[in-house]
Number of protein chains: 2
Amino acid sequence: MTIQLYELAAAEDDHVFSPYCWRIRLALAHKGLPFESLPWRMTEKEKISFSGSELVPVLVDGDTVVTESWDILAYLEERYPEAPLGLTQGEARFVRYWTELVLHPGLSRMIVFDVFETVHPKDQGYFRETRERRFGQPLEAFSAETDRKLQEFRNAMAPLRKTLEAQPFLGGDTPNVSDYVVFSGLMWARCTSPLVVLEEADPIHAWREKLLDAFDGMARKAPFREGKI
Amino acid sequence: MTIQLYELAAAEDDHVFSPYCWRIRLALAHKGLPFESLPWRMTEKEKISFSGSELVPVLVDGDTVVTESWDILAYLEERYPEAPLGLTQGEARFVRYWTELVLHPGLSRMIVFDVFETVHPKDQGYFRETRERRFGQPLEAFSAETDRKLQEFRNAMAPLRKTLEAQPFLGGDTPNVSDYVVFSGLMWARCTSPLVVLEEADPIHAWREKLLDAFDGMARKAPFREGKI
């Protein structure tokens, strides 16, 4: 039976943008596991209630249901040990938390209004309400002053940049889970926001190009908003 | 022939405090390699001129001379493959750069005047001059407002904290080069500054305690200034 992956989608079913879903897509591709993408919207809580979670990704593999992206990665690594993701290396978790605590928030405070515009119209009220409660201010105010923040974001990427100056991937000579986790954060921005986050001369940009082309261009073919006004 | 390690020392020969030297000490201990510590001061350039470097650490292993801490680690990993440091894992380099670009600077802007007070008296002029040129301001001004900066530093440690909440070491179940590199940054502060950098309830504190005790308490026995007014 084909693995099923519930993924957050925008108005169009194939317009997937969640960084937590992208890392699963990439992990499945890495392991050569075909999957069926089941588009899901934030307000369709009942559709995934069987999983016990209110959020995607939700992975269904035969009788097994797994939620939470890191748990899904760990499940895939254990269940399908070929083409290892490198998840058992302790540092992969550090890269994960750096992504979730530095990269994601650094993007969020620039692109969250663009994300609002991207989500399915029926999700917009829910998205605005939950995020404005979290941020304590309107989305428009929270995502203001993009120029200054973009410089700060690029500065905060320095450890990633220096690493990719010295080696082809975070995983070393070939990509692993660390690459997919960081890249998925950048896919979140690419798929939701016109903002050009990376300069072309940035080694991170060159690395991202390689991952956009990986797996027969899976990520490059996906609908995106980057660079489109 | 015993490995020799030129290490930066304060007024007392055994008061070693350089984060780049500490990581080599710990790597040598990890591999069970005895070494002779050769105390060195910043102004003793001629003493290490044979190495082609003006900075320590400098490692001498028989006929082999290696400079630059990361190159020394790579040399040790290749020459003494038993008890691997995990240096070949791509992510180790990311942890290294995060340490050098986030952790070290976050400490530096709080403790640099304490470091000035720690270095050998004959190094103080050189230290002040080179650092003030780098920072563009007097050491006293550069290291002001410690209270605010300490909060920012602790916030910036979030990816490390979250990782150590989930697993015993950055390397996973046992420490590896990533642990030593980060820990050595904290040893720099401990050995030079009265500032108490970590709260006792912080998971990073508990992890640091384990590494202070490792290798028969090698790090704990070293002279330090933390908590001493």
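Derivation of every value follows stated rules applied to the coordinates shown; laboratory data play no part. Source: prediction; values computed, not measured. FYI the Cβ positions are ideal-geometry reconstructions off the backbone, even for glycines, and counts take in every protein chain you see.
Other protein chain C-beta atoms within 10 Å of residue C-beta, averaged over A:167-179: 3. Note on B:Ala201 and A:Asp173: with the Förster distance fixed at 45 Å, the Cβ-Cβ geometry gives a FRET efficiency of about 0.65.
Each Cα pair under 8 Å and six or more residues apart adds its separation to the average, and for chain A the resulting relative contact order is 24 percent. Applied to segment A:86-102, the Karplus parametrisation 6.51 cos²θ - 1.76 cosθ + 1.60 on θ = phi - 60° returns per-residue 3J(HN,Hα) values of x, 6, 7, 6, x, 5, 4, 5, 5, 4, 4, 6, 4, 4, 6, 9, 10 Hz, with x for Gly and Pro. Summarising the label geometry, the points placed 7 Å from Cα in the beta-carbon direction at A:Arg79 and A:Ser37 lie 2.0 nm from one another. Chain B residue nearest the axis that carries B onto A, by Cβ, with distance in whole Å, is B:Glu91, 2. Near B:Ile3, the amide H atoms lying under 5 Å from its own belong to B:Glu36; only residues 5 or more places off or on other chains count, and H is placed 1.01 Å from N. The alpha carbon convex hull volume per residue for chain B rounds to 124 Å³. Within segment B:68-199, the proportion of C-alpha pairs whose separation exceeds 27 Å stands at 29%. Could you identify which residue out of B:Arg25, B:Arg96, B:Arg79 has the top mean-square fluctuation in a GNM of chain B using Cα springs shorter than 10 Å? Top of the fluctuation ranking is B:Arg79.
Within 12 Å, Cβ to Cβ, of A:Leu5, how many net charges do the neighbouring residues add up to if Lys/Arg are +1 and Asp/Glu are -1? Cβ neighbours under 12 Å give a net charge of -1. Run the label-point distances for B:Asp63 please: 7 Å along Cα to Cβ, every other copy, nanometres, shortest first. Nearest to farthest, the other copies are at 6.6 nm. Only aspartates and glutamates eight or more places from A:Lys31 in sequence, or on another chain, were considered; those with a Cα closer than 13 Å are A:Glu77, A:Glu78, A:Glu82.
Peptide B:155-163 has a mean shielding of 5, counted as Cβ atoms of other protein chains within 10 Å of each residue's Cβ. Taken residue by residue and averaged, Cβ atoms of other chains lying within 10 Å of the Cβ of A:102-112 number 1.
Among A:Val95, A:Val16, A:Val182, the largest mean-square fluctuation in a Gaussian network model of chain A, built with springs joining Cα atoms closer than 10 Å, belongs to A:Val95. Relative to the other identical copies, A:Ala206 shows label-point distances of 4.3 nm, where the label point lies 7 Å from Cα along the Cβ direction and values run shortest first. Taking the alpha-carbon centroid of each part, what is the distance from segment B:118-183 to segment B:7-59 in angstrom? For segment B:118-183 versus segment B:7-59, the Cα centre distance is 19 Å. Given a Förster radius of 56 Å and the C-beta distance between B:Ala11 and A:Asp71 as r, what FRET efficiency does 1/(1 + (r/R0)^6) yield to the nearest 0.05? Computed FRET efficiency for B:Ala11 and A:Asp71: 0.60. Inter-copy label distances for A:Glu82: 3.7 nm (label point placed 7 Å from Cα along Cα→Cβ; shortest first).
The tail of the calculated P(r) for the protein assembly as shown beyond 28 Å holds 56 percent of all Cα-Cα pairs.
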